[in-house]
Amino acid sequence: MTRLLFVCLGNICRSPAADGMARQLSDQLALGWTVDSAGTGAWHVGSAPDDRMTRAAAARGIDLSSLRARQVLADDFYRFDHIFAMDRQNYADLDELRPRDATARLHLFLQSDSVPDPYYGGDDGFEHVLDLIENRLSELIQTLRDV
């Protein structure tokens, strides 16, 4: 079973969107993935995803209503196979937290770029983030199925 963790700053926009989309794809394709999300910061712990992301995701048939923000823990590096950082700063923060004997592989979600944080922008930013996540998850499905 493949266990994936998506991480952004506050766990209310980018990582819950990836979480919800990956869960849906796992169910639709019977992949059996375990999926979760977290934030590097603790500002929103216990909060639902941002209303704008929830609405944008719902318009695409993705339900984020059951998700609640949490902060990433060192233990996550043992509980998951792959941890995906949504941007370079998240990656650096996770790399600093990562135990020396961690079993999870740490990745930048887009490999060569960062998923922009839509929090301070308009609705089009949330749509753009969902497009980026959808495209990358399509690639990840192929990559992780071949492993």
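State all residues of segment 74-87 that are open to solvent by 30 Å² or more (accessible area, probe 1.4 Å) and either out of contact with any Lys or Arg (no Cβ under 9 Å at 6 or more places or on another chain) or assigned to a helix (DSSP H, G or I) (or both); if no residue qualifies, say none.
Within segment 74-87, D75, Y78, R79 qualify.
Quick test of your reading of the structure: N90 fulfils all but one of (1) farther than 18 Å from A17 by Cα; (2) part of a helix (DSSP H, G or I); (3) of a type in the set (S, T, N, Q). Name the failing condition by number.
Tallying (1) farther than 18 Å from A17 by Cα; (2) part of a helix (DSSP H, G or I); (3) of a type in the set (S, T, N, Q), N90 fails exactly one: (1).
Would you pick out the residues in segment 1-32 that are part of a loop (DSSP other than H, G, I, E, B), closer than 13 Å to L144 by Cα, without any contact (Cβ under 8 Å) to a residue 40 or more places away in the chain and out of contact with any Asp or Glu (no Cβ under 9 Å at 6 or more places or on another chain)?
Across segment 1-32, the qualifying residue is only G32.
So that you can scan it fast, the table gives a plain yes or no per residue for (1) within 13 Å of the chain's Cα centre (by Cα); (2) of a type in the set (S, T, N, Q); (3) open to solvent by less than 20 Å² (accessible area, probe 1.4 Å):
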site: N11; (1), (2), (3): yes, yes, yes
site: A17; (1), (2), (3): yes, no, yes
site: S26; (1), (2), (3): no, yes, yes
site: D36; (1), (2), (3): yes, no, no
site: H44; (1), (2), (3): no, no, no
site: P49; (1), (2), (3): yes, no, yes
site: A58; (1), (2), (3): no, no, no
site: S65; (1), (2), (3): no, yes, no
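Of everything in segment 97-122 that's within 21 Å of R3 (Cα to Cα) and among the charged types (D, E, K, R), which residue is most open to solvent (accessible area, probe 1.4 Å)?
Looking at the filtered set, the residue picked out is R100.
The values are calculated or read from the model by the stated rules, or taken from the named source; none is laboratory data. Predicted model only: the values in this text are computed from it and were never measured. Cβ atoms come from the backbone with ideal geometry, glycine included; neighbour counts cover every protein chain shown. Just so you know, the surface numbers come from the protein's heavy atoms only, side chains and all, with ligands and any DNA or RNA stripped out. Shrake-Rupley method; radii C 1.70, N 1.55, O 1.52, S 1.80 Å.
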